[in-house]
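Accompanying notes for the structure given below.
The values are calculated or read from the model by the stated rules, or taken from the named source; none is laboratory data. As the structure is a computational prediction, the values presented were derived from the model and not from experiment. Every residue, glycine among them, receives a Cβ derived from its backbone with ideal geometry; neighbour counts consider all protein chains shown. Heads up: the accessible areas ignore ligands, DNA and RNA and are worked out on the full protein's heavy atoms, side chains in. Shrake-Rupley method; radii C 1.70, N 1.55, O 1.52, S 1.80 Å.
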There are 6 protein chains.
Amino acid sequence: MNQFTHFDDRGHARMVDVADKSDTRRIAVATGRIVMQPATLKMILDGNAKKGDVLGVARIAAIMASKRTAELIPLCHPLALTHVSVEFLVQEADSAIECRVTAETVGKTGVEMEALTALSVGLLTIYDMCKAVDRGMRMEAIHLQEKQGGKSGHWRSS
Amino acid sequence: MNQFTHFDDRGHARMVDVADKSDTRRIAVATGRIVMQPATLKMILDGNAKKGDVLGVARIAAIMASKRTAELIPLCHPLALTHVSVEFLVQEADSAIECRVTAETVGKTGVEMEALTALSVGLLTIYDMCKAVDRGMRMEAIHLQEKQGGKSGHWRSS
Amino acid sequence: MNQFTHFDDRGHARMVDVADKSDTRRIAVATGRIVMQPATLKMILDGNAKKGDVLGVARIAAIMASKRTAELIPLCHPLALTHVSVEFLVQEADSAIECRVTAETVGKTGVEMEALTALSVGLLTIYDMCKAVDRGMRMEAIHLQEKQGGKSGHWRSS
Amino acid sequence: MNQFTHFDDRGHARMVDVADKSDTRRIAVATGRIVMQPATLKMILDGNAKKGDVLGVARIAAIMASKRTAELIPLCHPLALTHVSVEFLVQEADSAIECRVTAETVGKTGVEMEALTALSVGLLTIYDMCKAVDRGMRMEAIHLQEKQGGKSGHWRSS
Amino acid sequence: MNQFTHFDDRGHARMVDVADKSDTRRIAVATGRIVMQPATLKMILDGNAKKGDVLGVARIAAIMASKRTAELIPLCHPLALTHVSVEFLVQEADSAIECRVTAETVGKTGVEMEALTALSVGLLTIYDMCKAVDRGMRMEAIHLQEKQGGKSGHWRSS
Amino acid sequence: MNQFTHFDDRGHARMVDVADKSDTRRIAVATGRIVMQPATLKMILDGNAKKGDVLGVARIAAIMASKRTAELIPLCHPLALTHVSVEFLVQEADSAIECRVTAETVGKTGVEMEALTALSVGLLTIYDMCKAVDRGMRMEAIHLQEKQGGKSGHWRSS
C-alpha cells in the first residue's frame, strides 16, 4: 500500500466507499491511562457514592462520546453501535487509572475510532473533574488493543 | 482542599456556579503526541498537497472539536472561544508528531478542556487517516502545558 | 429479574449488547399533555396561520428531537427511524393539549425513547412559545401508550 | 398582551430580539416527577454504587441536556449557563421520584427552558434505565417552580 | 491585504483571535432564492394551514440552523445570537421564492455566516419538502445583502 | 400527485414511513458554484499548501456536513452514508469555483439532501474563508445533478 485510503489519487480527502463491504460483527478494544498524583488517585478511590463518583461520570461521558464519533472525526463513517462498555482499572503502583473501552457493531466498517474516541473522552472527563486539585495529570498509552471482524480479521496490539 | 469542586457536599455532580467570576482573558496550551512507525511518518510528511494533507485535515478536526467541548465533557461550562490554533511538530528521532493547541476566551471559566479536547481529536484524526497502514500508533503525553488568566493565574507544567 | 439491564454485574453502566437481536419492525406510541389557562388555549387555537402556528412549530421540534434521542439519553442505542408522526388533540374540558407521538424503525432495539423524547420536546416547545403569557403551564401524564415488535411483543398501557 | 411574542405581526415565527435587554443574573427552578411501581423504586434506591446508580446517570444526562436546549427548542436563544444542579427527592408514599433542577446564567434571556429541558431529560433517563422492569412509569407535574432575574422579576408557581 | 485571515503566515488554518475586538451590535442580512416549476410554486402557495405549510417548516429549519453555524463552518467563532428572522417573498414572474434572513448579535464577530447558513438550510428544506414533485428546483443568488457593526461598519451589496 | 408527501391528509408535517422500502444502493450528485472577483479566485488558487488551502478546508466541511443532514433538515430520515466525495472545478472564464458532491448509501431513502447539504456547506465555507477580501461572493446554481437507486430509478438534471 503506497497511499492513504482516505485520499483519492489527487490527494483529495473523501469518505471511502464501503457500500460493497459486508455487514459483519465488528469489535474493537482500546486502552489508555491517566497518570496523576497519589493524593489525587486516593481522592478518586475514596470518592464513590457519598463524596462523588468521578469514574461513574467519566464512564457515562465515554459511552455518550462513542455515539458522536462520526461528528468529530472528519472521514469516519456513521454507524449504529450495538454495544459499548467502559472499565477503569486502578494501577496503584504507577498512580494511574487505566481505561479500557469495548465497542461493537454489526456493519460495514470497523469501530476502532468509536472505541478510541470514547476512551479519550473518558480520560478527559477524569481530567476535568480533578483538574482543580491536580492540573498536571497526563494521558498516556492511548491505543488500539484489539480488533475483530471485517476483511482484516483479528488483530492484536503486540 | 478535601473535595472535588464538581460535586456538592452530598457527592452529587453539578455544573459549578461561576456567575460571580469575572470575565478575564484566559489562555490554555495543551500538548501531546502520536508515535508511529517511521514509514508512516514518512508517508504523512510526503503527503502534503498532491497526495493528501493528513495534518491539514487533523488541524480542522481539532479546531472544530474545540467548539464541541461542553457537549462532550459533562460538567464543562459552555463558553465562546475567541481563538484556537493548532501546530504539528515532527519529532523524527522518536518517529512521532507532536500536536500543540492554544485556546483562548474572554470569560468566566478556563479553556483547558477546550485545548485538551481539540488536541485529542486532532491526534485521533491522524490515527483514523493512517490506521489502514499502521494500526499500532499510540497517543502519548497528552497534558496541559500552560494556563493563564482567572483567579489561579499563570501555571506551567513542570 | 433482579437487576437493571443497563448495568453489568458490578453496577457499571453500559450500552447493552444488542448484536444478536433480530431486525424487526418496531413501533412505539407515547402520549402526554400540557395543561394551561383557558385563555392560553384559546390563543393557541386562534393562532393558526395568520397569527402564528404554535402547534406547527412544536410538531417540527418534536420530530427533530426524535432524531437526537441517542445523543440525549446516555445508554440509548443509535438507530435509524423510519417514521415519526405527531398529533395534537385539544382537550377543552381540561384546558389542555394532548400530544401523541408514533415512532417506528426496523432494527434491533425499540423506539420507546424516541417517541417519549419527541413528545417531551414537543410539549416543552409549546411551553416555550406560550410562557410569556402563561408561565404556570404543566406537563402531565407523559408515558408510553403502546409498543410493538421485538422479543417482548405487543404491550399496551393499562 | 394579545399575541405570542415568538411570532411577528404576520404570524411568522422568529427568534425574538433581545439585544437591548440587560445582562442580569437569571435563575430558574423546574420540578417534576416520575411515578413507578414500588418494586421499581426499591430497585433504584438499592442500586447505588454496587448495583448501578440510576440517579447518578440521570443527573449527568440532565446537566448535559441543559447545554443542548437551544438546539432542541426552536426559538430559544443560545446562552452560556453559569450553574446547573439536579436533585432527586424520593416520595415513597407516592412511589415516585421528584426531580428538581436549578439553572442559572448571567445574560439577556431567562433560563426556564434550560431548567425544564434538563428536568425532562433527567426523567426520561430514569425511564430508559428502568423500562425493562416497569414500562408503565409516568412523568407528572413538570413545571416551572420559580424564576428570578430579568424585567419580569421574581415569579413563583402558586 | 495579501493573505486570507483564516490562515497564519505558514498557511495553517486557525480560528482568528478576536479577544481584543469590542462587543458591538452586529447585523447581517442574507438573501437567495429557489426557482421551481410554476405548478410547484402553486402547490406551496395553496398549502398553508390545511394542506401543509412548507414555508413555515422551512422558517423553523432556518432559525434552528443559524444556531448550529459554528458547528458547520470550521473556522467560525461560536456566538450568541440575539435575533433571527426569516422572510419568504414570492416572485411569481420567475416562479421562485426568495428567502431573506436577518441575524443579529452583540459580540466580537459578525453574523454573516449565521445569516447565510440559516438561508441555505431554509432553501434546502423547501427543496426537501417539494423534491418528490419537482426534483429540478435550483437555489440561486445566495449572498450577503447587508452588514452592520464591527470595525468594517456598514456594507451593502452593490 | 396532488399533495406533498411530507404532510398527512390534514396538512401535518411528518417523517414519511419508509419501513417497507427496500435497502438499495442509492447515489446522488449535487452541483453548485460560488462566483467571486478574479483577484479572490487567484488568491485561492495560489493558496495551496504554503499559504493556506481554502478548498481543502471546504472539502472537509462539506463531508462533515453531509453527516449532519438529518439534524438540519426537519423531515429528513437519518441514514448511514457509505461514501462522500467532493470535487472543486475552477471556472476561470466566469471567475467561479464549481463544487460537485457525490453521496451514497445502501438504504431505504435517497441521499439527495445529504449531497445538497454537503455542497451548500462547502460553498459557505469558501465564503467564510474569503469574506474578509470579497464580501460580495455569490452562490449560484445549487441543484441536484443526478440520482440513482430506489423506486424512482435513474434521474438526471436536464
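For the structure I just gave you, tell me whether C:Ala141 is more than 7 Å from every other protein chain (Cβ to nearest Cβ), closer than 30 Å to D:Glu146 by Cα and open to solvent by less than 40 Å² (accessible area, probe 1.4 Å). It is false that C:Ala141 is more than 7 Å from every other protein chain (Cβ to nearest Cβ), closer than 30 Å to D:Glu146 by Cα and open to solvent by less than 40 Å² (accessible area, probe 1.4 Å). Could you tell me whether E:Gly32 is facing another protein chain (nearest Cβ under 9 Å), open to solvent by less than 10 Å² (accessible area, probe 1.4 Å) and modelled with pLDDT under 95? In short, no. Screening the candidates E:Glu98, E:Glu140 for the property of being part of a strand (DSSP E or B), farther than 30 Å from E:Asp17 by Cα, of a type in the set (D, E, K, R) and touching an Asp or Glu at 6+ places or on another chain (Cβ under 7 Å) yields one hit, E:Glu140. Does F:Gly47 satisfy the criteria of being touching a Leu at 6+ places or on another chain (Cβ under 9 Å) and in contact (Cβ under 8 Å) with a residue 24 or more places away in the chain? When the stated conditions are applied, F:Gly47 does not pass them. Going by what's in this entry, would B:Lys147 be described as more than 23 Å from A:Met36 (Cα to Cα), open to solvent by 10 Å² or more (accessible area, probe 1.4 Å) and in contact (Cβ under 8 Å) with a residue 60 or more places away in the chain? The answer is no for B:Lys147. Taken residue by residue, region E:10-24 has no member that is more than 11 Å from chain F (Cβ to nearest Cβ), among the aliphatic types (A, V, I, L, M) and within 16 Å of the chain's Cα centre (by Cα).
Applying the condition of being open to solvent by 40 Å² or more (accessible area, probe 1.4 Å) and within 12 Å of chain C (Cβ to nearest Cβ) to region D:43-59 and asking which residue is nearest to D:Val86 (Cα to Cα) yields D:Asp53. Here A:Leu123 passes the criteria (1) open to solvent by 30 Å² or more (accessible area, probe 1.4 Å); (2) outside any strand (DSSP E or B); (3) in contact with a strand residue (DSSP E or B) (Cβ under 8 Å, 6 or more places away or on another chain) except the one numbered (1).
Tell me, yes or no, whether region D:89-99 has at least one residue that is out of contact with any helix residue (DSSP H, G or I) (no Cβ under 8 Å at 6 or more places or on another chain) and under 23 Å from B:His6 (Cα atoms).
Here is the first cut: in region D:89-99, the residues out of contact with any helix residue (DSSP H, G or I) (no Cβ under 8 Å at 6 or more places or on another chain) are D:89, D:91, D:93-94, D:98.
Subsequent filtering for residues that are under 23 Å from B:His6 (Cα atoms) retains D:89, D:98.
Checked against the condition, which is being out of contact with any helix residue (DSSP H, G or I) (no Cβ under 8 Å at 6 or more places or on another chain) and under 23 Å from B:His6 (Cα atoms), region D:89-99 yields at least one hit.
Condition test on F:Ala62, is it more than 8 Å from chain E (Cβ to nearest Cβ), closer than 22 Å to F:Ile142 by Cα, free of Cβ contacts under 8 Å to residues at least 40 places away in the same chain and part of a helix (DSSP H, G or I)?
No.
Considering only region B:60-71, state which residues are aliphatic (A, V, I, L, M) and open to solvent by less than 10 Å² (accessible area, probe 1.4 Å). Correct list: B:Ile60, B:Ala61, B:Ala62, B:Ile63, B:Ala65. As a summary of the residue check, C:Thr40 satisfies the conditions (1) open to solvent by less than 40 Å² (accessible area, probe 1.4 Å); (2) facing chain D (nearest Cβ under 10 Å); (3) in contact with a strand residue (DSSP E or B) (Cβ under 8 Å, 6 or more places away or on another chain) except for the one numbered (3).
Take the residues in region D:50-74 that are over 23 Å from E:Ala65 (Cα atoms) and small (Gly, Ala, Ser); name whichever of them is modelled with the lowest pLDDT. The extreme case among them is D:Gly52.
Among the residues of region A:84-107, those identified as surrounded by fewer than 20 Cβ atoms within 10 Å (Cβ to Cβ) and within 15 Å of the chain's Cα centre (by Cα) are A:Glu87, A:Leu89, A:Glu98, A:Arg100. The lone criterion from (1) more than 12 Å from the chain's Cα centre (by Cα); (2) farther than 24 Å from D:Asp9 by Cα; (3) surrounded by fewer than 23 Cβ atoms within 10 Å (Cβ to Cβ) left unmet by E:Met129 is number (3).
Working carefully through the options F:Gly136, F:Gly110, find the one that is within 10 Å of chain E (Cβ to nearest Cβ) and either under 8 Å from the mean Cα position of the chain (by Cα) or surrounded by 24 or more Cβ atoms within 10 Å (Cβ to Cβ) (or both). Give the steps one after another, and end with the answer.
Details: F:Gly136 fails: either under 8 Å from the mean Cα position of the chain (by Cα) or surrounded by 24 or more Cβ atoms within 10 Å (Cβ to Cβ) (or both).
Of F:Gly136, F:Gly110, the one residue that is within 10 Å of chain E (Cβ to nearest Cβ) and either under 8 Å from the mean Cα position of the chain (by Cα) or surrounded by 24 or more Cβ atoms within 10 Å (Cβ to Cβ) (or both) is F:Gly110.
Can you name every residue in region B:68-100 that is in contact (Cβ under 8 Å) with a residue 40 or more places away in the chain and charged (D, E, K, R)? Across region B:68-100, the qualifying residues are B:Arg68, B:Glu92, B:Asp94, B:Glu98, B:Arg100.
The set of residues in region F:68-90 that are at the interface with another protein chain (Cβ under 7 Å from one of its Cβ atoms) and polar (S, T, N, Q) comprises F:Thr82, F:Ser85.
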